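The values are calculated or read from the model by the stated rules, or taken from the named source; none is laboratory data. Treat the numbers as computed from the prediction; the structure is a model and nothing was measured. We place every Cβ from the backbone using ideal geometry, glycine too, and count neighbours over all the protein chains shown.
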Amino acid sequence: MKLPIICPSCDHTLNVSQMKCPSCKTEVSGDYELPVLLKLNRDEQDFVLNFFLSSGSIKEMAKQAGLSYPTMRNKMDDLITKVEQLKNNL
């Protein structure tokens with residue numbers, strides 16, 4: 001099941017209110033903000049993971065995706081801008 005990150009009613013970012021240990025069933029409740037990377041949509045999270053797995057090589061990511069380096073660089077720049085905005089809203 002995919003973790004919901006956006007409110008279906010008003011489109012604001014959701015907070016975490018409860019977590020549960022699957023082993024001992026301990027539950028922790030509160031009002032916790034999601035980490036910045038979890039506020040990204042699934043495609044953006046996959047992009048970050050692929051960047052990490054390609055040892056930070058945009059050139060390698062472009063090759064694997066069948067895209068040009070400038071196209072992949074633009075995707076990276078857009079994601080950097082989004083992460084900076086999310087980080088500044090903390």
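At a glance:
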| quantity | calculated |
| --- | --- |
| Enumeration of residues in region 1-36 that are of a type in the set (A, V, I, L, M, F, W, C) and in contact (Cβ under 8 Å) with a residue 12 or more places away in the chain | LEU3, ILE5, LEU14, VAL16, LEU34, VAL36 |
| Pick from region 22-37, criterion on the phi < 0 side of the Ramachandran plot and charged (D, E, K, R), ranking: surrounded by the most Cβ atoms within 10 Å (Cβ to Cβ) | GLU33 |
| Hits in region 4-24 - residues which are outside any loop (DSSP other than H, G, I, E, B) and out of contact with any Phe, Trp or Tyr (no Cβ under 8 Å at 6 or more places or on another chain) | ILE6, THR13, GLN18, MET19, LYS20 |
| Any hit, region 25-32, residues being touching a Ser or Thr at 6+ places or on another chain (Cβ under 7 Å), part of a loop (DSSP other than H, G, I, E, B) and either closer than 23 Å to VAL83 by Cα or at pLDDT below 90 (or both) | no |
| Region 3-29: number of residues that are among the polar types (S, T, N, Q), within 30 Å of ASP43 (Cβ to Cβ) and over 15 Å from the mean Cα position of the chain (by Cα) | 3 |
| Helices (runs of 4 or more DSSP H) enclosed by region 35-89 - at least 2 residues per element that are among the acidic types (Asp, Glu), under 16 Å from ILE5 (Cβ atoms) and within 13 Å of the chain's Cα centre (by Cα) | 42-53 |
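To keep it simple, each residue is scored yes or no on (1) within 22 Å of GLN85 (Cβ to Cβ); (2) surrounded by 12 or more Cβ atoms within 10 Å (Cβ to Cβ).
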residue: CYS7; (1), (2): yes, no
residue: LYS20; (1), (2): no, no
residue: LYS39; (1), (2): yes, yes
residue: GLN45; (1), (2): yes, yes
